[in-house]
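Novice: Quick one: the structure is below, questions incoming.
What follows draws every value from the coordinates through simple rules; no lab data is involved. No experiment lies behind these values; they were computed from the predicted model shown. Glycine gets a Cβ as well: all are built from the backbone with ideal geometry, and neighbour counts include every protein chain shown.
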């Protein structure tokens, strides 16, 4: 399937989040805004998720990337429509860019759009794209202190995926410290401990997102 | 030694990089702006570097952190002055904040100031703090595609530290791809492959930074 690339569509002065939300509500399309540091595993999560869900739901992908379409290329071949937004140096996606690319999808025949934001644990958490919710992905290799050091995303997210749990034994990551800190920042948010590359703990994620899409 | 914490000192409208640079030039103080994603190992690099260099040079530390002094606490006990700049949500340090905290150091008795920027691979690379140079730290756990996906920092940096090389065997990181992509983005920049926690390859870094400080 063709990957569509759109450049220079950001406009920070136009907050179009409500327009995006209204349109998605009307069409009953769930939008998930996936946020993490670079390399925490957003694209691999999407690879696994497409494999699991693509026969159950109609899926679309928006890839936020600074300058390339590398992530989109990795997701190609699953038969789902992908639109790349190149921010050209910009550190996050915005609602204006999302509204501008939504016509690339057939929303009447779409159940969920996964937005892979630019790899950045700080800026994307400040911006409402019009999504139903933000999803935080954090890797054990980043250390156990991320919830307390970068609290905004962990407060905002509807769920936290702790990825690369297979690497814990090779690092000084302390899972108890992580859980305590996360609980102090956001005591209500569900935490799923997974490894996308080693296929550990993925069923809880598939079940959780299945329910979220089904109930929109 | 007391850790000083300064809040709300950012002012994006005042570019004070030239003032910072002039002052550091006059006092013959090298300033290194360390930039990486969250959790790539900036603080651990500083821990190792303080152990190696603190008897050879007079060192100061500026810690950029969103809301805590956790990194500063980790560096405490080495007997070097540390000033924390809490950005309170901000995604990078700026030259105005640096100029404002420089009087906290005795610059006549300082050889080098290491600035640990906010964990963010995108925004800090756009801002000149008045530093002598930017240093990029990237972890193998982030994947081998970072130079091509986030080219700004890799173009700007005077040296690249590839950290956590001990984790390569547990991941799908391809060192050849990394080197090729880095070479395409910046063919002249030195690459040092290290592990701060396992003390691998650190001598090349100590020697390199020793020369940089000595030649200021």
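Novice: Pairs of alpha-carbon atoms within less than 8 angstrom and 6+ residues apart define the contacts here; what relative contact order does chain B have, in percent? Walk me through the numbers on the way to the answer.
Specialist: Working: 435 pairs, mean separation 55.7, N = 216.
26 percent.
Novice: Give me the distance in nm between label points sitting 7 Å out from Cα along the Cα-to-Cβ direction at residue A:4 and residue A:198, one decimal.
Specialist: 4.0 nm
Novice: Further, regarding this structure: At 7 Å along the Cα-to-beta-carbon direction for both residue B:174 and residue A:108, put a label point, then send me their distance in nm to one decimal.
Specialist: 4.3 nm
Novice: Here is a further query. Taking chain B as the reference, fit the longest principal axis to its C-alpha atoms, fit the long axis of helix B:42-53 to the helix C-alpha atoms, and give the angle between the two in degrees, 0 to 90, nearest 10.
Specialist: Around 70 degrees separate the two axes.
Novice: Which distances in nm, rounded to one decimal and ordered from shortest, link the label point of residue B:79 to the equivalent label points in the other identical copies, with labels set 7 Å from Cα toward Cβ?
Specialist: 6.9
Novice: Between chain B and chain A, with a rotation axis joining them, whose C-beta in B is nearest that axis, and what is the whole-Å distance?
Specialist: Taking the axis that maps B onto A, the answer comes out as B:141, 2.
Novice: Moving on. Among A:92, B:126, which comes first, then next, by fewest other beta-carbon atoms within 10 Å?
Specialist: Details: A:92 23, B:126 12.
Ordered by Cβ neighbours within 10 Å, fewest first: B:126, A:92.
Novice: Can you show me the helix-derived [θ] at 222 nm for the protein assembly as shown, built from DSSP H runs with n ≥ 4 at -39,500 (n - 2.57) apiece and divided by the number of residues, rounded to the nearest 500. Mind showing how you got there, number by number?
Specialist: Details: 16 runs with 140 residues, N = 432.
Value at 222 nm, helices only, nearest 500: -9000 deg cm²/dmol.
Novice: Shifting gears a bit: Distances over 15 Å make up what percent of all Cα-Cα pairs in region B:55-128? Can you show the working numbers first?
Specialist: Details: 1480 of 2701 pairs.
Percent of Cα pairs beyond 15 Å in region B:55-128: 55.
Novice: Sort the following peptides by mean Cβ neighbour count (other Cβ atoms within 10 Å, averaged over residues), highest first: A:80-88, A:24-32. Don't skip to the answer; put the middle values down first.
Specialist: Values: A:80-88: 21.2, A:24-32: 17.2.
Top to bottom by mean Cβ count within 10 Å: A:80-88, A:24-32.
Novice: For chain B, what is the convex hull (Cα atoms) projected area averaged across all directions, in square nanometres? Show your work: numbers first, answer last.
Specialist: On the way: hull surface 44.4 nm².
Mean shadow area of the hull around the Cα atoms is 11.1 nm².
Novice: Right, next: Any chance you could run the full-extension gain for residue A:210 through residue A:88? It's 0.36 nm times the residue separation minus the Cα-Cα distance, nm to one decimal.
Specialist: Gain on stretching residue A:210 to residue A:88: 40.6 nm.
Novice: If we count other beta carbons within 10 Å of each Cβ, what is the order of B:150, A:206, B:170, fewest first?
Specialist: Values: B:150 28, A:206 15, B:170 18.
The most exposed by this proxy come first: A:206, B:170, B:150.
Novice: Okay, next question. How well do other chains shield peptide A:141-151, expressed as the mean number of their Cβ atoms within 10 Å of each residue Cβ? Could the numbers behind the result be given before it?
Specialist: On the way: counts 11, 9, 7, 1, 7, 3, 0, 4, 10, 10, 4.
Rounded to a whole number, the mean comes out at 6.
Novice: May I ask you to report, in nm to one decimal and beginning with the shortest, the distances from residue B:184 to the same position in the other copies, taking label points 7 Å along Cα-to-Cβ?
Specialist: Output for residue B:184: 4.3 nm, nearest copy listed first.
Novice: Using the number of other C-beta atoms within 10 angstrom as an exposure proxy, rank B:99, A:121 with the fewest first. All intermediate terms of the calculation are to be shown ahead of the outcome.
Specialist: Working: B:99 20, A:121 30.
Fewest to most other Cβ atoms nearby, the residues stand as B:99, A:121.
Novice: Here's another thing I want to ask about it. Place the label 7 angstrom along Cα→C-beta at residue B:201 and in each other copy, then list the distances from the first to the rest in nm, shortest first.
Specialist: 2.9
Novice: Hey, another quick one. Diagonalise the Cα gyration tensor of the protein assembly as shown and give the resulting equivalent ellipsoid semi-axes, square root of 5 times each eigenvalue, largest first, whole Å.
Specialist: Details: eigenvalues 286, 99, 83 Å².
Over the Cα atoms of the protein assembly as shown, the semi-axes work out to 38, 22, 20 Å.
Novice: Here's a follow-up. On average, how much area does the Cα convex hull of region A:1-128 cover when viewed from any direction, in nm²?
Specialist: Working: hull surface 28.0 nm².
Computed as one quarter of the Cα hull surface, the answer is 7.0 nm².
Novice: Turning to a different aspect of this structure: Would you mind checking the tilt of helix A:175-185 against the longest principal axis of the Cα atoms of chain A, expressed as 0 to 90 degrees and rounded to 10?
Specialist: For A:175-185 against chain A, the angle is about 60 degrees.
Novice: Calculate how steeply helix B:202-214 sits against the longest principal axis of the alpha-carbon atoms of chain B, using the helix alpha-carbon long axis, and give the answer as 0 to 90 degrees to the nearest 10.
Specialist: Taking the Cα atoms of chain B, the angle to B:202-214 is about 40 degrees.
Novice: Where the centre of each part is set by its Cα atoms, how far does region B:47-67 sit from region A:41-61, in angstrom?
Specialist: Between the Cα centres of region B:47-67 and region A:41-61 lies a distance of 44 Å.
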